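Here is the structure we will look at, set down as structure tokens.
Quick note: the coordinates plus some simple rules give every number you see, no bench work behind them. Since this is a predicted model, take the numbers as computed values, not measurements. In this analysis, Cβ positions are derived from the backbone assuming ideal geometry, glycine residues included, and neighbour counts consider all displayed protein chains.
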Amino acid sequence: MDKPEQEAQKLTRNYLGKELYVIFTAPNATREEMMPVMPDHLARQVELEEQGILFAAGPMFEEGGKAPVRGMVIVRANSFEEAREIADADPFHKAGLRTYTIDRWVINEGSYTVNVKYSNQSMTLD
């Protein structure tokens with residue numbers, strides 16, 4: 001093992017190494033065609049959140065764009081197969097209104113801050 005590889009291993013030994021799955025979704029239909037299914041899609045996202053499966057989700061915009069061009073759904077799953085089952089159950093995917101791809105994501109670096117205020121029971125996430 002050469003010196004740069006040894007240094008990299010030393011630097012990364014305490015990294016988080018948390019594996020999640022990222023579902024990138026893309027529309028197959030117009031916004032008007034998708035809107036009747038939107039409430040079911042959103043209800044499913046909340047259900048996944050309440051079950052502790054959904055890590056984060058939301059629309060993605062290109063630079064300067066006003067409308068989303070795709071969506072990203074990050075889930076806690078144990079395999080591509082499990083992540084695919086989650087994606088297949090999305091009402092948009094079931095109705096053929098969106099297609100998707102899945103990537104495994106390993107979180108190594110980064111941070112976030114949670115600020116909870118007792119006086120007004122508010123919370124911010126940065």
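Just a few scattered comments:
- Anisotropy class of the range 19-126 from Cα gyration tensor, a/c 1.5 cut: prolate
- A dipole drawn for the chain from +1 and -1 charges on Cβ atoms has a positive end, and of T30, Q51, Q121 the residue lying farthest that way is Q121.
- Loop GluC sites (Glu not before Pro), the range 23-82 (other Cβ atoms within 10 Å of the site Cβ: 15 or fewer; DSSP): E62, E63
- Packing-based exposure ordering (other Cβ within 10 Å, fewest first) of R31, R76: R31, R76
- In plain terms, the residue of L97, L125, L54 with the fewest other Cβ atoms within 10 Å comes first and the most crowded comes last, giving L125, L54, L97.
- Ranked by how many other Cβ atoms sit within 10 Å of their own Cβ, fewest first, the residues Y100, Y21, Y112 fall in the order Y112, Y100, Y21.
- Amide H contacts of N28 (H built 1.01 Å from N, under 5 Å, at least 5 apart or other chain): R98, T99
- Think of each Lys and Arg Cβ as +1 and each Asp and Glu Cβ as -1; about the Cα centre, that makes the dipole of the chain roughly 220 debye.
- Straight-line cross-link partners of K18 among the aspartates and glutamates, defined as a Cα under 13 Å from its Cα and at least 8 positions apart when in the same chain: E109.
- Using a Förster distance of 22 Å, the FRET efficiency for E7-I107 (Cβ separation, nearest 0.05): 0.55
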